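The values are calculated or read from the model by the stated rules, or taken from the named source; none is laboratory data. In this text, all values refer to a predicted model and were calculated from it rather than measured experimentally. Reconstructed Cβ throughout: ideal geometry from the backbone, glycine too, with neighbour counts over all protein chains shown. Surface accessibility is based on the protein's heavy atoms, side chains included, excluding ligands, DNA and RNA. Shrake-Rupley method; radii C 1.70, N 1.55, O 1.52, S 1.80 Å.
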Amino acid sequence: DHPALLNNLGLTREKVGDVAAAERCYRRALEVSPDDVNAMANLAQNLYQQRRPKAAIPEFERLVKRMPAAPAEIWANYGVSMRSVGNVMAAEPLVLRATELSPDRPEPWRDLGSCRVAAKNWGGAAMAYARAIELDPNGKDLFYNLGLVQEKLGEIDEAIVAFKRYTELETDTGELEKAIQTVRRLEGARDELAKKKATEEAPKPEPPPRV
């Protein structure tokens, strides 16, 4: 029942895919040593990987109170967990903290973009995804997400560029076809807007004089 041994056993269980057994190891480590930050971090991350945000959130909260200088991944996953349960207002500051700790990693910026999408902050989301793309120029999903928010912003030309780049990176035939159809739809919408604008700006004929 030594905490370090229990943590190591949990990590070993995770490597072979037995996340439930790993969770039990981390919980037992915390029973033995309630202030063990390694067990706190391992448990929080384990629950996050199990897609159990409601269970993960109190573990993340306990961890960051005990260790304010937690790594960026902890803050990002804490924020994503908050977003997953619908607490968007609480999520963004947590993910922002992750971008401050790791400004040159794309993942926190991607997560920030997703938080801002949830808040319908399209401009902020576009900025975050654009920064993530600077750091990961081949991140296909980043281009897809950027295209979505640019369409929301009415930036049709920019959205077309983003989706076209996505089609260059996507290898799944089904997803590729969907993206191609999206590009065609956006190009059609852009052309219709251009026609409408041209019609509205065309000079109107002068009315003939009355005789």
Quiz item: In region 64-111, what count of residues is obtained for those that are basic (Lys, Arg) and in a loop (DSSP other than H, G, I, E, B)?
Solution: 1
Quiz item: Among the numbered criteria (1) under 30 Å from ASN138 (Cβ atoms); (2) open to solvent by less than 70 Å² (accessible area, probe 1.4 Å), which single criterion is violated by PRO58?
Solution: (1)
Quiz item: Any idea which residue in region 15-37 is nearest to the chain's Cα centre (by Cα), counting only those that are among the charged types (D, E, K, R) and within 22 Å of GLU61 (Cβ to Cβ)?
Solution: GLU23
Quiz item: Just wondering, is there one or more residues in region 192-200 that are in a helix (DSSP H, G or I), open to solvent by less than 50 Å² (accessible area, probe 1.4 Å) and free of Cβ contacts under 8 Å to residues at least 40 places away in the same chain?
Solution: no
Exercise. Return the pairs, sorted by first residue and then second, in which the second residue is modelled with pLDDT of 95 or more and in a helix (DSSP H, G or I), the first residue lies in region 36-58 and is at positive phi, the beta carbons are less than 9 Å apart, and the residues are 6+ apart or on different chains.
Key: ARG51/SER84
Quiz item: Just checking, how many residues over region 13-31 are loosely packed, with under 14 Cβ neighbours inside 10 Å and either outside any loop (DSSP other than H, G, I, E, B) or touching a residue at least 60 places away in the same chain (Cβ under 8 Å) (or both)?
Solution: 3
Quiz item: Got a sec? Which helices (runs of 4 or more DSSP H) wholly within region 118-173 have at least 2 residues that are within 17 Å of the chain's Cα centre (by Cα) and of a type in the set (S, T, N, Q)?
Solution: 140-152
Quiz item: Which residue pairs have Cβ atoms under 8 Å apart, sit 6 or more places apart or on different chains, and have a first residue in region 175-188 that is closer than 18 Å to GLU155 by Cα and a second that is modelled with pLDDT of 95 or more and loosely packed, with under 14 Cβ neighbours inside 10 Å?
Solution: none
